[in-house]
Amino acid sequence: MLDVRFVRENPEQVVKALEKRNYDSSVFDDFLKNEKSRKDMREEVDNHRMKLNDISGKIGMMRKQGEDVSQLLQGAKSLSDTIKNQETYLNEYEVKVRNSLLIIPNIPHESVPVGKDEKENVEVRRWGEPRQFDFEPLNHWDIGEMLEIIDFERASKIAGARFSLMKGLGAKLERALMNFMLDLNVSKGYKEVFPPILVNRESMTGTGQLPKFAFELFIISDPELYLIPTAEVSVTNIHRNEILSEKELPIYYTAYTPCFRREAGSYGKDVRGLIRQHQFNKVELVKFAKPEDSYDELEALTKDAEDILQKLELPYRVVALCTGDLGFAASKTYDLEVWLPAQQKYREISSCSNFEDFQARRANIRFKREGKKGTEFVHTLNGSGLAIGRTVIAILENYQQKDGSVVIPEVLRPYMGVDIIK
RNA sequence: GGAGAGGUGGCCGAGCUGGUCGAAGGCAGCCGCCUGCUAAGCGGUUGUGGGAGUAAAAUCUCACCCAGGGUUCGAAUCCCUGCCUCUCCGCCA
């Protein structure tokens, strides 16, 4: 959420940002109109309130001295009615203003490349050389089925399309990756947490999934709860409605959680294999930082995610998302894309973003500077470190052998207990 | 699921037969005094958000005693709803 005052005072900047994101700026016109009404009405109500408080005080004093108050009472009554009446309008304006504010996206950072869609994302760097195969590399789903470590058919019997059943060493690989990543992240100073997977509406609003992206969520209606699409939601909301002290910042968390996504609007996309599932595992990195540090923290967080790929010896590249591809809440995002030999493509395996104070304002996460009055919003960041399912894909495809077996990356062997799946 | 108790400022804790309560008192914190150090002691001070105001302050003002409604001229105090916490019983991984 943007700062009301900022939006009110810098409308042209906001419009410009919306245009860069290919957003329709009509929401914005409504906002300005309602915000003006809201502000005027607020002032009027406040003034009337002051008068009423004054009269009420007098009534109290006079009563105590046994004086007649019927005259004052009459005036107070009508003033009170006026206020009540105005407050219903004020309420409407406030709701409208908040509602339009909640669906206005974040303003991209000045360093974000301007572009229309993902085609105009900018490659920042590459790591590792794609392996040269002396045979035709197979898709991960073929490898998985041949090795009997992934069973798509039974998964669809149990739950439906876009689910998977991991078996034997496949299941163990999933678990090994979670443990490996968590251990590595913890060794870098991230605090491990294991949060709720079902969250309430306030949490979903806090990180920006609601109200705009309800169609992407699995929703439970009684009681009203939402399955998280990413641990970002649970973990960022740990500090919702809190005032942190300056000295406890920055805060680093890492969490493993399952994630749930409707994948509405992605019909026909990546229907085969593990790429796009309704349920998948992910290890997440989340940071709370002071505003002046947040972009350094973004670079560091991205490096931490990259380090996982490097230790697994998987070739990847880093891409800076352009304004047209940038997520709703993000100010800046780097995607990590891992090389998939069967597709001959780099595919997203991690997304690292700085949200600046966009989420913090929605979720009301503030901090207090030492010796200073008042509070400021923190900056929130997060990134996958990493998506487990997609890491499984990358390992199966990049480490496959001619005989159909898959070699286990060095760093995972202590977690797997074997060095090859065959 | 059944029966009770409760949610007040950084913490503890009064107030809850409606008015002078943003809220006693204590602790903690900050500033100053005093004491050759420390402790004790003394005086002062300390929340959040919005608006007006200022070069910036000062200052003025509205709101906030879990949340949302209601009664009333006026609510931390009365009524309703929701959420959460605790105790007992039942049930359960």
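For A:GLY60, indicate whether it is part of a helix (DSSP H, G or I), more than 22 Å from A:LYS96 (Cβ to Cβ) and either near RNA strand B (Cβ under 8 Å from one of its atoms) or in contact with a Lys or Arg (Cβ under 6 Å, 6 or more places away or on another chain) (or both). For A:GLY60, the condition - part of a helix (DSSP H, G or I), more than 22 Å from A:LYS96 (Cβ to Cβ) and either near RNA strand B (Cβ under 8 Å from one of its atoms) or in contact with a Lys or Arg (Cβ under 6 Å, 6 or more places away or on another chain) (or both) - is met. If the condition is being more than 7 Å from RNA strand B (Cβ to nearest atom), more than 14 Å from A:LYS96 (Cα to Cα) and without any contact (Cβ under 8 Å) to a residue 12 or more places away in the chain, then region A:28-44 contributes only A:ASP40.
Of the numbered criteria (1) loosely packed, with under 14 Cβ neighbours inside 10 Å; (2) within 30 Å of the chain's Cα centre (by Cα); (3) of a type in the set (Gly, Ala, Ser), the one A:GLY404 fails is (2). If the condition is being surrounded by fewer than 17 Cβ atoms within 10 Å (Cβ to Cβ) and closer than 17 Å to A:ARG366 by Cα, then region A:219-243 contributes A:ASN241, A:GLU242, A:ILE243.
Looking only at residues of region A:1-14 that are surrounded by fewer than 14 Cβ atoms within 10 Å (Cβ to Cβ) and away from RNA strand B (no atom under 14 Å from the Cβ), we find that the one that is farthest from A:ALA363 (Cα to Cα) is A:GLU12. Of all residues in region A:13-36, those that are assigned to a helix (DSSP H, G or I) and under 14 Å from A:LEU2 (Cβ atoms) total 11.
Considering A:ALA305, A:ALA300, the condition of being assigned to a helix (DSSP H, G or I), under 18 Å from A:VAL392 (Cβ atoms) and not polar (S, T, N, Q) is satisfied by A:ALA305 alone. Residues of region A:26-63 that are surrounded by fewer than 14 Cβ atoms within 10 Å (Cβ to Cβ), within 46 Å of the chain's Cα centre (by Cα) and among the small types (Gly, Ala, Ser): A:SER26 alone.
The requirement of being over 31 Å from the mean Cα position of the chain (by Cα), part of a loop (DSSP other than H, G, I, E, B) and within 13 Å of RNA strand B (Cβ to nearest atom) is fulfilled somewhere in region A:69-88, by at least one residue. The residue pairs whose first member lies in region A:256-273 and is closer than 24 Å to A:PHE194 by Cβ, whose second member is among the hydrophobic types (A, V, I, L, M, F, W, C), and whose beta carbons are closer than 6 Å, counting only pairs six or more residues apart or on different chains, are A:TYR256/A:MET178; A:TYR256/A:LEU182; A:TYR256/A:VAL283; A:THR257/A:ILE197; A:THR257/A:ALA231; A:CYS259/A:PHE280; A:PHE260/A:PHE218; A:PHE260/A:LEU227. Taking every residue in region A:45-69 that is of a type in the set (Val, Ile, Thr) and pairing it with any residue that is assigned to a loop (DSSP other than H, G, I, E, B) and more than 6 Å from RNA strand B (Cβ to nearest atom), at least 6 positions away or on another chain, the pairs with Cβ-Cβ distances below 9 Å are A:ILE59/A:VAL69. Within region A:315-357, being crowded, with 24+ Cβ neighbours inside 10 Å and closer than 28 Å to A:ILE143 by Cα holds for A:TYR316, A:ASP335, A:LEU336, A:VAL338, A:TRP339, A:LEU340, A:ILE349, A:SER350.
Only helices (runs of 4 or more DSSP H) wholly contained in region A:346-422 count here; list those with 1 or more residues that are more than 16 Å from RNA strand B (Cβ to nearest atom) and free of Cβ contacts under 8 Å to residues at least 12 places away in the same chain.
Answer list for region A:346-422: A:413-416.
The strands (runs of 3 or more DSSP E) found wholly in region A:187-290 and carrying at least 1 residues that are among the basic types (Lys, Arg) and in contact with a Leu (Cβ under 6 Å, 6 or more places away or on another chain) occupy A:279-289.
Please determine whether any residue of region A:168-187 is of a type in the set (Ser, Thr, Tyr), surrounded by 14 or more Cβ atoms within 10 Å (Cβ to Cβ) and at pLDDT 95 or above. No, there is no match, as no residue in region A:168-187 is of a type in the set (Ser, Thr, Tyr), surrounded by 14 or more Cβ atoms within 10 Å (Cβ to Cβ) and at pLDDT 95 or above.
The values are calculated or read from the model by the stated rules, or taken from the named source; none is laboratory data. Quick caveat, the model's predicted, so the values are computed rather than measured. Glycine gets a Cβ as well: all are built from the backbone with ideal geometry, and neighbour counts include every protein chain shown.
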